[in-house]
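A.B. asks: Questions regarding the structure given below will be posed in turn.
The values are calculated or read from the model by the stated rules, or taken from the named source; none is laboratory data. Predicted, not measured: the structure shown is a model, and the values here were computed from it. Cβ placement follows ideal geometry from the backbone for every residue including glycine, while neighbour counts extend to all protein chains displayed. Note: areas computed on protein heavy atoms with side chains; ligands, DNA, RNA excluded. Shrake-Rupley method; radii C 1.70, N 1.55, O 1.52, S 1.80 Å.
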Amino acid sequence: MDITQDFYNNLASQYDKLFQDWQSTTREQAVILNRIFNDNGFDTTAHVLDCACGIGTQSIGLASLGYLVSASDISAGEISEAKGRAKKNGVDIRFELADFRALADTYSEQFDIVIAMDNALPHMLSNKDLEAAINSITGQTKPNGIIVASIRDYDDLLAEKPSYSPPYIHKTEKGQRVSFQTWVWEKDNYRLVQYIIEDEDSLQISKFECEYRAVRREELTTLFLANGCREVHWKMPEETGFYQPIIVARKG
């Protein structure tokens, strides 16, 4: 099985443990995305495709604000989890299993806005795959529509190539939960191990492995401009309140 599918299928039932309060995060991120959409001329009448939806962190929040949302992911486990969470939140979202390198195989329509959040694009381990993903995403975006995506700040990380990420420590009713990642670098690629440690009535440790390619902002900018977009802007965390840099690309 593809390493990315395997990673998210295994992580799906525990993905919400990476947050102090997943439900609050869905609302907070929806507010941030809604502001970006508004700044670019869109409101809740826009049709949004979340092409890397995971367990629905962004798609459910946006649907709760009134957006018409379609959502897809490469992981069947995460799609199943997202469907259950959408039902619990009382929102109607069309979910599909789809590879964002080939969205036209699943969707015949184009969308006003396509999003790919939470460092999804750097799962593409080669420039060829990344360009295929961007070409596919822009292909499902209407003329004058926008693509909104977030990635880690690799421009800074590549200077040091750290071997781990700082831990998140969340207090729980029965103790605490600690999550962190270790990274093993090979050139611009790195092998990631995600640990989730639950120190409650008993100690439980879970680990999940994946791989990423550290993509610089200039590379993404160039690829979007070469694949149908007429303008590209970057928004940093200090401006948006989101935890990663966000690219906003407008289709020509």
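A.B. asks: Which residue, of Glu28, Glu81, is charged (D, E, K, R), in contact with a Ser or Thr (Cβ under 7 Å, 6 or more places away or on another chain) and in a helix (DSSP H, G or I)?
C.D. replies: Exactly one of Glu28, Glu81 is charged (D, E, K, R), in contact with a Ser or Thr (Cβ under 7 Å, 6 or more places away or on another chain) and in a helix (DSSP H, G or I), namely Glu81.
A.B. asks: Looking for whichever is touching a helix residue (DSSP H, G or I) at 6+ places or on another chain (Cβ under 8 Å) and touching a residue at least 24 places away in the same chain (Cβ under 8 Å) here; the options are Gly228, Gly175. Which one fits?
C.D. replies: From the options Gly228, Gly175, the qualifying one is Gly228.
A.B. asks: Check segment 193-204 and report whether any residue there is free of Cβ contacts under 8 Å to residues at least 12 places away in the same chain and open to solvent by less than 70 Å² (accessible area, probe 1.4 Å).
C.D. replies: Yes, segment 193-204 contains at least one residue that is free of Cβ contacts under 8 Å to residues at least 12 places away in the same chain and open to solvent by less than 70 Å² (accessible area, probe 1.4 Å).
A.B. asks: Now for a separate question. Of the conditions (1) of a type outside the set (Ser, Thr, Tyr); (2) out of contact with any Lys or Arg (no Cβ under 9 Å at 6 or more places or on another chain); (3) within 29 Å of Gln110 (Cα to Cα), Asn10 satisfies every one except a single condition; which number is it?
C.D. replies: For Asn10, the failing item is (3).
A.B. asks: Within segment 91-98, does at least one residue satisfy the condition of being in contact (Cβ under 8 Å) with a residue 40 or more places away in the chain and open to solvent by 40 Å² or more (accessible area, probe 1.4 Å)?
C.D. replies: Within segment 91-98, not a single residue is in contact (Cβ under 8 Å) with a residue 40 or more places away in the chain and open to solvent by 40 Å² or more (accessible area, probe 1.4 Å).
A.B. asks: Right, something else. Which members of segment 29-44 meet the condition of being open to solvent by 20 Å² or more (accessible area, probe 1.4 Å), of a type outside the set (Val, Ile, Thr) and without any contact (Cβ under 8 Å) to a residue 40 or more places away in the chain?
C.D. replies: Asn34, Asn38, Asp39, Gly41, Asp43
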